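One structure is given below, encoded as structure tokens.
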Amino acid sequence: MTRRKKSHHSHGTPNRPRLWGKHAVAAALDNPDRKILRAWATREAAEFMKFPKDLALTMADVADLGRLVPSDAPHQGVVIEVEPLDDIWLDGVLAGGADRAVLLVLDQVTDPHNVGAILRSAAAFGAIGIVTQDRHSPPESGVVAKAASGALERVPWARVVNLARALEEIGEAGFWRIGLAGEAETDLREALGSPRVALVLGAEGAGLRPNTREHCDALARLPIGDEIESLNVSNAAAVALYAASIA
């Protein structure tokens, strides 16, 4: 497991990320595994949030909060500084799956908005977790947490060093690995059927890398119209999760 590098930034660091927005912060407060270091809030937001009495809370106005987060971040009057969640190991995620399970594997999806949205869809459709390559995925951040709308605290996220090796482990655990590729001849509905499925998605533009494709059991495409060449990766993940949930 590659450890996160330290960096210094007024909006938080990988070792001390700042989360914002009522849903993201409320989910962090409800997560017993999340260590919250300090908080800032407007008086109105502080009344809404259930801050622990022993938490260092600073009352602030909207302008002050705006300086704690990236420009134009929708903080909704509340910001917290936290420690990253403990590393989650792939074998732990795989062991948590029931007879029927869906897992998401992301091949170099680096945009934090997309990863956050995918976490949100994973929570909505009951996926057992997501898997990313540590060097090619975003760290925990306010952007990820806000896009995930609380799912960052609920969906297991395993970061691996070698994605190909991880796909081998996923296959050994009984998952049918389906890589989503727009040029595939097989429709996703035809590729589904196994009770344990791993949906593998690549970055926008580049798609799945050749070595990732070689570690999939099947390649499949989403049944979208000819007017649109492809979907945003987070939208594609949501559609694929829905298809897997009703298969």
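The values are calculated or read from the model by the stated rules, or taken from the named source; none is laboratory data. Given the structure is predicted, the values throughout are model-derived calculations rather than measurements. No Cβ is skipped: glycine too gets one built from the backbone with ideal geometry, and neighbour counts run over all protein chains shown.
Which of the residues spanning the stretch 218-247 are over 14 Å from ILE178 (Cα atoms) and surrounded by 21 or more Cβ atoms within 10 Å (Cβ to Cβ)?
Residues satisfying the conditions are VAL233, SER234.
Which residue out of ARG221, ARG196 is out of contact with any Ser or Thr (no Cβ under 9 Å at 6 or more places or on another chain) and within 21 Å of LEU167 (Cα to Cα)?
ARG196
Going through the stretch 206-217 one residue at a time, which ones are closer than 16 Å to GLU183 by Cβ, buried (at least 16 other Cβ atoms within 10 Å of the Cβ) and either free of Cβ contacts under 8 Å to residues at least 24 places away in the same chain or not charged (D, E, K, R) (or both)?
If the condition is that a residue be closer than 16 Å to GLU183 by Cβ, buried (at least 16 other Cβ atoms within 10 Å of the Cβ) and either free of Cβ contacts under 8 Å to residues at least 24 places away in the same chain or not charged (D, E, K, R) (or both), then GLY207, LEU208, THR212, CYS216 are the ones that fit.
Please note which helices (runs of 4 or more DSSP H) are completely contained in the stretch 74-168 and include at least 2 residues that are of a type in the set (Lys, Arg), assigned by TED's automatic domain parsing to the domain that holds ALA28 and touching a Phe, Trp or Tyr at 6+ places or on another chain (Cβ under 9 Å).
none
Can you run down the residue pairs with Cβ atoms below 6 Å, 6 or more apart or on separate chains, where the first is in the stretch 92-119 and in contact (Cβ under 8 Å) with a residue 60 or more places away in the chain and closer than 11 Å to TRP157 by Cα and the partner is exposed (fewer than 15 other Cβ atoms within 10 Å of the Cβ) and of a type in the set (Gly, Ala, Ser)?
Cβ pairs passing all conditions: none.
Within the stretch 38-63, how many residues turn out to be within 15 Å of ALA28 (Cβ to Cβ), of a type in the set (Lys, Arg) and part of a loop (DSSP other than H, G, I, E, B)?
Final tally of qualifying residues: 1.
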